[in-house]
1. Report whether or not B:R129 is farther than 30 Å from B:E214 by Cβ, open to solvent by 50 Å² or more (accessible area, probe 1.4 Å), assigned to a helix (DSSP H, G or I) and not small (G, A, S).
2. For the stretch A:31-46, indicate whether the set of residues that are of a type in the set (V, I, T) and farther than 30 Å from A:L252 by Cβ is non-empty.
3. When the residues of the stretch A:158-169 are filtered to those that are open to solvent by less than 40 Å² (accessible area, probe 1.4 Å) and among the polar types (S, T, N, Q), which remaining residue is nearest to the other protein chains (Cβ to nearest Cβ)?
4. How many residues, within the stretch B:154-176, are in contact (Cβ under 8 Å) with a residue 24 or more places away in the chain and either more than 16 Å from ligand 2 (Cβ to nearest atom) or among the charged types (D, E, K, R) (or both)?
5. Find the helices (runs of 4 or more DSSP H) located wholly in the stretch A:33-140 whose residues include 3 or more that are out of contact with any Lys or Arg (no Cβ under 6 Å at 6 or more places or on another chain), modelled with pLDDT of 95 or more and farther than 22 Å from A:N223 by Cβ, and list them.
6. Of all residues in the stretch A:10-46, which are farther than 16 Å from A:Y208 by Cα, surrounded by fewer than 24 Cβ atoms within 10 Å (Cβ to Cβ) and hydrophobic (A, V, I, L, M, F, W, C)?
7. Quick check, is A:L155 in a helix (DSSP H, G or I), within 20 Å of the chain's Cα centre (by Cα) and more than 14 Å from chain B (Cβ to nearest Cβ)?
8. What's the number of the only condition in (1) away from chain A (no Cβ under 14 Å); (2) more than 16 Å from ligand 1 (Cβ to nearest atom); (3) not hydrophobic (A, V, I, L, M, F, W, C) that B:Y211 fails to meet?
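The values are calculated or read from the model by the stated rules, or taken from the named source; none is laboratory data. This one's a predicted model, so the numbers in the text were calculated from it and none came from an experiment. Every residue, glycine as well, gets a Cβ built from its backbone with ideal geometry; the counts of neighbours run over all protein chains shown. To get the accessible areas, we keep the full protein, side chains included, count just its heavy atoms, and leave off ligands, DNA and RNA. Shrake-Rupley method; radii C 1.70, N 1.55, O 1.52, S 1.80 Å.
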Amino acid sequence: MFLQQLVNGLTIGVIYALIALGYTMVYGILKMVNFAHGDIFMFGSFLGLFFMKHLHMPLYLAFLLSAAATSAIGVVIERVAYRPLRTADRIVPLISALGVSTFLVSLAQKLWGTEMHPFPTAFGRGTVTVGSITFSEIQILILVLSFILMLGLHLFVTRTKTGTAMRATSMSLTNAALMGINTNHMISLAFAIGSALAACAGIMVGIYYNAVYPTMGYMAGINAFTAAVLGGIGSIPGAMLGGILLGVVENLGGAYISTQYQSVISFTILIIVLMIRPTGILGKKDINKV
Amino acid sequence: MTENRVLLEINDLCVKYGAIPAVKQVNLRLYQGEIVALIGTNGSGKTTVLRTISGIVRASQGNIRFEGSEITKLEPHRIVQRGISHVPEGRGVFADLTVLENLKMGAYIRKDKAAIRQDIEQMFSLFPRLAERKNQLAGTMSGGEQQMLAIARALMARPKLLLLDEPSMGLAPLIVKEIFRAIRSVNREGVSVLLVEQNTKMALAAANRGYVMETGSIVVQGDAEELKNNAVVKTVYLGMH
Ligand SMILES: Nc1ncnc2c1ncn2[C@@H]1O[C@H](COP(=O)(O)OP(=O)(O)OP(=O)(O)O)[C@@H](O)[C@H]1O
Ligand SMILES: [Mg+2]
């Protein structure tokens, strides 16, 4: 029972982590919460559904194309709705983000209606039993793919020149520019990667719950944002840790206390962590002292 | 240094923060191979001049030319590509990157991997302390070490002109000496230097020429030797009465 709940919690936790990474990468550089990120996740899910249902593509192609298209959407959103406001008051881009969020939900409703769409895949419905734990195929896909994506991101930001430049940019936009780094490219890249990860999460969630709908980004966004704050917003390992922790705690709480209290439990954890460490588990206070 | 070719030329530069002027009608010239000192009291606009050269803040009037072509409106990363590296006030090292990663970021605009590796070794011989700490996070180093790293990192771009903003700030005299020795040696290798300093004595000892700023304007300029004996400089900046 415990191990089973742990696996279920991990499954949803890695999903939170994937979405949380988008919040944290953007926040890390721009110090801005991209309120539209949950809706980007929703769009990724719908695009995956579209590629499979209407263009009859295999699942892996749906992942690839949705990730590519969604990252383009993320880049365009930043270019059109956030970049022109970069020197404005901090509240201004936040309002713009809320506008983008509303726009994406309305657009999805216009294109696909307000109802829930089942995900047309035979994949993921079977199960595998290991000892006392039963994994559904989709759980295995979620755990394995999320792990690969997170490992890939980790290697990218720690081992490559561009990834290092992205981290440098999140430490200081100005000092990164003084290295000859085109910081606008780094910002676009953060949006592209964050949106692609959200799209993958969107498809996986769509299959897992067998439901895709225009407002699905709302709760997923709030939970993932909570995870990012829990782990320390701005920190990439923090987002991974926060997502997994939140998923596991929420699930165990739901199983042993009551599913009614799931959100209460996660927010209680968040508040306790923030009381002890206001910057989140792996968050930095202020990286640049200048 | 006797070539007399103008490398950097600042003409009638004005910079404002909002409505408040920080730099007013500044004219400055730096010849190839020179070390030029820019000194002045707190808040006189020295940092603003450097930040405008690098494109971080924008001129409201006037222009800046580098090697004869205008750079006033270029983006900061383009200015680095032209050959200007800026060591900012407060050093600006990437605290969560290692010494080695910081140096590699300094070479961001370059693609010649083998030469980059050689230059890193050269930085380690210029500042041996950095070699011992190459895998240490920059944020955990002392102020002096961070300053050395900031200078080495700027040099990794192989600049023609190095902008230094108060490299001696907050450092012990021995470290300041080491840093000035490095600045001289880098200059001898052909890198021109625009040096902002509060430590007027050290700055004028290292520089060929100097400019003195007060509330946004250049008030005195001349050869370093001349400035050392200038009455204003003597009383205000060298503490002689
Ligand atoms: N970001 C900013 N916003 C508003 N005003 C600024 C800003 N930066 C500097 N100033 C103002 O512009 C003027 C010049 O500042 P600057 O930092 O260029 O002087 P400085 O000569 O480098 O001083 P210091 O020796 O203290 O470093 C000062 O009056 C300062 O208060
Ligand atoms: Mg200054």
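1. Working: farther than 30 Å from B:E214 by Cβ: yes; open to solvent by 50 Å² or more (accessible area, probe 1.4 Å): yes; assigned to a helix (DSSP H, G or I): yes; not small (G, A, S): yes.
Yes, satisfied.
2. Narrowing the stretch A:31-46 to residues of a type in the set (V, I, T): A:33, A:40.
From the residues that got through so far, the ones that are farther than 30 Å from A:L252 by Cβ too are none.
Among the residues of the stretch A:31-46, not one is of a type in the set (V, I, T) and farther than 30 Å from A:L252 by Cβ, which makes the answer no.
3. Keep residues of the stretch A:158-169 that are open to solvent by less than 40 Å² (accessible area, probe 1.4 Å), which gives A:163-166, A:168-169.
Okay, now just the ones that are also among the polar types (S, T, N, Q), so A:164, A:169.
Numbers: A:T164: 6, A:T169: 9 Å.
Step by step, filter the stretch A:158-169, then rank; the result is A:T164.
4. Of all residues in the stretch B:154-176, those in contact (Cβ under 8 Å) with a residue 24 or more places away in the chain come to B:154-172, B:175-176.
Right, trim to either more than 16 Å from ligand 2 (Cβ to nearest atom) or among the charged types (D, E, K, R) (or both) and you get B:154-162, B:165-166, B:172, B:175-176.
Here the count works out to 14.
5. Working: elements: A:37-53, A:59-77, A:91-112.
Where helices (runs of 4 or more DSSP H) fall fully within the stretch A:33-140 and carry at least 3 residues being out of contact with any Lys or Arg (no Cβ under 6 Å at 6 or more places or on another chain), modelled with pLDDT of 95 or more and farther than 22 Å from A:N223 by Cβ, they are A:59-77, A:91-112.
6. Those that are farther than 16 Å from A:Y208 by Cα, surrounded by fewer than 24 Cβ atoms within 10 Å (Cβ to Cβ) and hydrophobic (A, V, I, L, M, F, W, C): A:I29, A:L30, A:M32, A:V33, A:F35.
7. On the way: in a helix (DSSP H, G or I): yes; within 20 Å of the chain's Cα centre (by Cα): yes; more than 14 Å from chain B (Cβ to nearest Cβ): yes.
When the stated conditions are applied, A:L155 passes them.
8. (2)
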